[in-house]
Amino acid sequence: MSTSVSVDAPPSAPGWVTGVLGVWYWIERLLAIVTFGAIGVLMMYDVISREIIGPVLTKLGMDPSAVVLVGSQKLGVYFLIAGAFTGLSLATATGAQLVPKVGFGWAPKSWNAGMNRLGDFITTAFLAIVTYYAVVFVQSSASIGLMTTSGVEMKVWVLQTAIPIGFASAAARYLVYGLWPATRPVPPEFQE
């Protein structure tokens with residue numbers, strides 16, 4: 001009994017590739033949950049400490065500054081940066097990224113598979129270039145020793161590292177999609 005493979009069928013990925021994609025996606029989802037969860041906890045604590053606990057401590061004659069987390073809003077912004085660049089890769093992994101419709105329909109439908117692969121490779125190259133410049137940007141911050149302000153002191157480059165990692169992750173995904181189109185997620189249906 002033989003099975004025939006369609007000539008138009010995209011090449012299937014080796015098992016290890018789909019395994020790596022699955023673990024990769026799981027890690028990115030966990031990072032997104034942690035970063036956005038931390039933002040929620042920080043903001044709730046900030047509001048509760050300022051609006052509820054602080055006034056109660058003041059009425060009791062105690063110093064409310066002891067419960068204030070200095071720089072919590074700034075720390076929330078830092079978590080937002082990390083979460084946003086994690087989201088870039090998650091959107092790529094789920095096919096939920098914004099796709100401009102310029103040039104759609106210019107080529108015959110029979111070329112769709114090839115055009116999609118070409119698009120994946122072009123996107124990989126573009127994101128690789130952006131990743132390179134993001135690394136240069138982070139290195140320049142590290143070389144001059146920039147530090148954060150407003151209560152949360154840390155080196156800026158540590159926070160900025162999320163930028164090239166997010167772009168590199170998306171670039172690597174597009175490379176995988178170009179090499180093994182069967183791994184590309186089916187884009188969700190959106191109302192137009």
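The values are calculated or read from the model by the stated rules, or taken from the named source; none is laboratory data. Given the structure is predicted, the values throughout are model-derived calculations rather than measurements. Counting neighbours? That spans all protein chains shown, and the Cβs are built from the backbone with ideal geometry, glycine included.
When the range 112-140 is examined, which residues are found to be of a type in the set (Phe, Trp, Tyr) and more than 19 Å from PRO185 (Cα to Cα)? Give the steps one after another, and end with the answer.
We begin by selecting, within the range 112-140, every residue of a type in the set (Phe, Trp, Tyr); these are 121, 126, 132-133, 137.
Passing the criteria: PHE126, TYR132, TYR133, PHE137.
Hey, among SER12, SER65, which residue is surrounded by 12 or more Cβ atoms within 10 Å (Cβ to Cβ) and either over 20 Å from the mean Cα position of the chain (by Cα) or at pLDDT 90 or above (or both)?
Numbers: SER65 fails: surrounded by 12 or more Cβ atoms within 10 Å (Cβ to Cβ).
So the residue among SER12, SER65 that is surrounded by 12 or more Cβ atoms within 10 Å (Cβ to Cβ) and either over 20 Å from the mean Cα position of the chain (by Cα) or at pLDDT 90 or above (or both) is SER12.
Taking the range 18-42 as the search range and keeping residues that are of a type in the set (A, V, I, L, M) and surrounded by 15 or more Cβ atoms within 10 Å (Cβ to Cβ), which one is farthest from LEU90 (Cα to Cα)?
Looking only at the range 18-42, we keep the residues that are of a type in the set (A, V, I, L, M), and these are 20-21, 23, 27, 30-34, 38-39, 41-42.
Still in the list and also surrounded by 15 or more Cβ atoms within 10 Å (Cβ to Cβ): 21, 31-32, 38-39, 42.
Details: LEU21: 11, LEU31: 10, ALA32: 9, ALA38: 18, ILE39: 18, LEU42: 23 Å.
The residue in question is LEU42.
Looking at the structure I just gave you, is ALA128 at pLDDT 90 or above, in a helix (DSSP H, G or I) and closer than 23 Å to THR35 by Cα? It would help to see each step written out before you state the result.
Numbers: at pLDDT 90 or above: yes; in a helix (DSSP H, G or I): yes; closer than 23 Å to THR35 by Cα: no.
No: the conditions fail for ALA128.
Would you confirm whether any residue within the range 156-170 is under 17 Å from the mean Cα position of the chain (by Cα), outside any helix (DSSP H, G or I), exposed (fewer than 15 other Cβ atoms within 10 Å of the Cβ) and modelled with pLDDT under 90?
No, the conditions are met nowhere in the range 156-170.
Being among the basic types (Lys, Arg) and either touching a Phe, Trp or Tyr at 6+ places or on another chain (Cβ under 8 Å) or outside any helix (DSSP H, G or I) (or both) is the filter here, so list the residues in the range 83-116 that pass it. Show your work before the answer.
As a first pass, look at the range 83-116 and keep what is among the basic types (Lys, Arg): 101, 109.
Hit for the range 83-116 is LYS101, nothing else.
Out of the residues in the range 125-140 meeting the condition of being surrounded by 18 or more Cβ atoms within 10 Å (Cβ to Cβ) and without any contact (Cβ under 8 Å) to a residue 40 or more places away in the chain, tell me which one is farthest from the chain's Cα centre (by Cα). Let's see the steps before the verdict.
Here is the first cut: in the range 125-140, the ones surrounded by 18 or more Cβ atoms within 10 Å (Cβ to Cβ) are 127, 131, 134, 138.
When the remaining residues are screened for being without any contact (Cβ under 8 Å) to a residue 40 or more places away in the chain, the result is 134, 138.
Working: ALA134: 14, VAL138: 17 Å.
Once the filter is applied, the top-ranked residue is VAL138.
Go through (1) in contact with a Lys or Arg (Cβ under 8 Å, 6 or more places away or on another chain); (2) of a type in the set (Gly, Ala, Ser); (3) within 23 Å of ALA38 (Cβ to Cβ) and name the single condition GLY95 misses.
So the condition that GLY95 fails would be (3).
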